[in-house]
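Here's the structure, in structure tokens; my notes come after.
The values are calculated or read from the model by the stated rules, or taken from the named source; none is laboratory data. Predicted model, so just to flag it, every value in this text is computed and none were measured. Using ideal geometry, Cβ is built from the backbone for each residue, glycine included, and neighbour counts are taken over all protein chains shown.
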Amino acid sequence: MTVLRSLAKCVGALVVVLIGIALVARLSDGPIGPFAGGTLLGGVLVPDSTVDWSFARDIDTVEFQLLDPARSRTVWILVRDGELYIPCQVPEFRLWKQWPHEALEDGRAVIRVDGKRYPVRAVRVTDPKLLEQVGTVMGEKYLDGSVPETGSVWVFRMDPRTGRDGAEGASRSVEPARARYSPMRPKLGGRRS
């Protein structure tokens, strides 16, 4: 019984530590490892709406934050023809990964790369030919050449944001969150995204 009691205490302590890290991450400027972080505030804001993302081709991960809700995460990135794409494996169990569904409703986002913040709009790619091309880039970069099944992976293209949605939206610390998401909502539709 002492072994079980000790094991229970260790598991309990681990759970408390993980919850603590998750809470600290939500209040931080960006994610902490696999834990979603708070609003991306640090870094120079790049207001230019047209960015050639070729400079990021060899970067594995970046910090990505939707404006609503204002949570940041570490994601894989793909660059094809100077355009930035974020792949996302969408699990059957929606509780774990809600941001792709949230991006469909409000795609305003911020990407932080090398200490610079870029206001973008996440737009889901549905064109089969483009999905195949981006899937090939993903396979070469992350999957030892194998191409992922298109049904389980969503891909978002990061378009520039302009006008009121541009740099002004990216510089606000937090926009009011709307209580519209619930893990109990019906399903609408990896590793690091």
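When segment 137-150 is limited to residues that are at pLDDT 80 or above, of a type outside the set (D, E, K, R) and under 21 Å from the mean Cα position of the chain (by Cα), the one that is nearest to Ser54 (Cα to Cα) turns out to be Val137. Once segment 54-84 is narrowed to residues that are of a type in the set (A, V, I, L, M) and under 12 Å from the mean Cα position of the chain (by Cα), the residue that is farthest from Gly42 (Cα to Cα) is Ile77. Just so you know, in segment 151-182 the residues that are farther than 24 Å from Leu40 by Cα and exposed (fewer than 14 other Cβ atoms within 10 Å of the Cβ) include one that is modelled with the highest pLDDT, and it is Ser152. Tell me yes or no: at least one residue of segment 77-97 is in contact with a Gly (Cβ under 7 Å, 6 or more places away or on another chain), more than 27 Å from Pro148 (Cβ to Cβ), surrounded by 11 or more Cβ atoms within 10 Å (Cβ to Cβ) and modelled with pLDDT under 85. Within segment 77-97, not a single residue is in contact with a Gly (Cβ under 7 Å, 6 or more places away or on another chain), more than 27 Å from Pro148 (Cβ to Cβ), surrounded by 11 or more Cβ atoms within 10 Å (Cβ to Cβ) and modelled with pLDDT under 85.
Applying the condition of being at pLDDT 80 or above and part of a loop (DSSP other than H, G, I, E, B) to segment 22-37 and asking which residue is surrounded by the most Cβ atoms within 10 Å (Cβ to Cβ) yields Pro31.
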